[in-house]
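All remarks here apply to the structure that follows.
Just so it is clear, none of the values below were taken in a lab; they were calculated from the coordinates. Being a predicted model, the structure only gives us computed values, none of them experimental. Heads up, the Cβs are rebuilt from the backbone with ideal geometry, glycines too, and the neighbour counts pull from every protein chain shown.
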Amino acid sequence: MASGKEIRGKIASIKNTQKITKAMELVAASKMRRAKQRMEAALPYSEKIKRVIGHLTLAHPEYKHSYMTVRPVKRVGVVVVTSDRGLCGGLNSNLLRRLALRSKEWQLQGVQVTFSVLGNKGVSFFKSFGGKVVATKSGLGDKPHISDLIGSVKVMLTAYEQGEIDELWIMSNKFINTMTQQPIMHKVLPVAKEDVATAHGHWDYLYEPEAKEVLDALLTRYVESLVYTATVENIACEMSARMVAMKGATDNAGKFIKELQLAYNKARQAAITAEISEITAGAAAVSG
Amino acid sequence: MSATMQLDIVSAEGLIFSGKVDRFFALAANGEVGILPHHTQLISILKPGEVRVVAGDETSCFYVSGGVLEIQPDVATILADTAIRAKDLDEAAAKEAMDRAKEAMDNAKSDLDVTRAQTALAEAVAQMAILGRFRDQLSKQGLMH
């Protein structure tokens, strides 16, 4: 029979777990605030570069950059953004499940998929999932710097230029609110042409120095900016998902403690009752 | 009164300047350029250097470590770099990323980079399992409902 002491031990250990989860919840909450600030700080750049790219698709350049030409899709590249650490609910598994489904679809259509993986969780997923992984980067921390991402992006861009991939996609989590994060996938390359070009007439930029160099620099930055934005947003998602998961864990631990406390009280009471009945029985035997 | 144009200077990690200006100067690929409103469309790579902005009587200076300058007749955008760029540096970073991928995939052994948090989770899960069994045992004894 479970003794009172045994239950007390369990209560103490679960209280320790609860302390850990509570601390993690609080840490995640404050990190989430900072991650959201970083996410907002990255917004102006991505908006502006999108505006510039938007203008660019309206221009009628003599020089056609390969990032802006649509090719028949035989091979695609995906930049997968995941978190470095676990304990954030289903954040990574939801994303990776969506990704696995999508790459299966692609494979059924005879399209080959190449991956560039950011974050520990993605890296260890691909170890078991297989697939063609050409670049990885993990240990980005809470404050990723754009220079940390250049390498992984460059690998994909080179692959695109050399015709090893015909489309480039990003898969990451979208921050909807603290409770909700959604895995999304969007196409980065080729840059979509907007259909409003005619209204603005025929014009082209002056390029300094050469069109190719300028467009190379601009489009590389565009892709990097998209990957950076996705990474920063994913961190905000990670933190809020962890906060929610840890809150759940803390609440569950609380429930457990309550139940165990009840069991402990009952066990103690049962022991006391048994003891008293033994004493009365003993006393009755002596006096009788 | 002369016309003004909108100028936005942004870097990937934040907004640097945004407002109406009379003219500004920047160090483009082929030397310093001065831009007035209604300039023709231009895109240029920026060299590391100063961006001087004149708005009314005020002149302000910003340093950018390279980037891209885009000009439309009434709006100009400077996309400043935060990272130091050079072709060979980029190549090196790319190679590093590829090597990492190869390494990670080659020794597809169990994860060695298990963080402390994951250990804590495994412990918690084990505890929960034990507690579950414990609870069953208790309810069999009629101590718990």
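When restricted to Cα atoms, segment B:5-80 yields an Rg and a Dmax of 11.0, 29 Å, respectively.
Check the straight Cα-Cα distances from A:K255 and name the lysines below 22 Å, setting aside those fewer than 8 residues away within the same chain. Straight-line reach from A:K255, under 22 Å: A:K5, A:K10, A:K15, A:K19, A:K22, A:K247, A:K266, B:K140. So for the protein assembly as shown, Kirkwood radius off the Cα pairs, Stokes-Einstein at 25 °C and 0.890 mPa s: how many µm² s⁻¹? Stokes-Einstein gives a translational diffusion coefficient of 97 µm²/s. Summary of the geometry: segment A:1-31 and segment A:55-95, compared by the centres of their Cα atoms, lie 43 Å apart. Return one number: the angle in degrees, 0 to 90 and rounded to the nearest 10, between the long axis of the Cα atoms of helix A:4-58 and the longest principal axis of the Cα atoms of chain A. The answer is roughly 10 degrees. The modelled label-to-label distance between A:K212 and B:K47, using points 7 Å beyond Cα along the C-beta direction, is 2.2 nm. Can you give me the C-alpha center-to-center distance between segment B:17-64 and segment A:209-255, rounded to a whole angstrom? Segment B:17-64 and segment A:209-255 have Cα centres separated by 31 Å.
Considering helices alone, the calculated mean residue ellipticity of chain A at 222 nm is -22500 deg cm²/dmol, with DSSP H runs of length four and up weighted by -39500 (n - 2.57) and normalised per residue.
Computed from label points 7 Å out along Cα-Cβ, the spacing between A:A284 and A:L262 is 3.2 nm.
Taking the C-alpha atoms only, the angle from helix A:146-161 to the longest principal axis of chain A is near 50 degrees. Taking every Cα-Cα distance in segment A:27-242 and sorting them into 5 Å bins starting at zero, the pair-distance distribution P(r) comes out as 1, 7, 15, 18, 18, 15, 12, 8, 4, 2, 0 percent. Highest GNM mean-square fluctuation, chain A, Cα pairs closer than 10 Å: which of A:E275, A:E62, A:E208? Maximum among the listed residues: A:E275.
Sorted from longest to shortest, the spans of the Cα atoms of segment A:55-161 along the three principal axes equal 51, 37, 22 Å. Hydrodynamic estimate: the Kirkwood radius of segment A:164-288 over Cα pairs, inserted into Stokes-Einstein at 20 °C and 1.002 mPa s, corresponds to D of 98 µm²/s.
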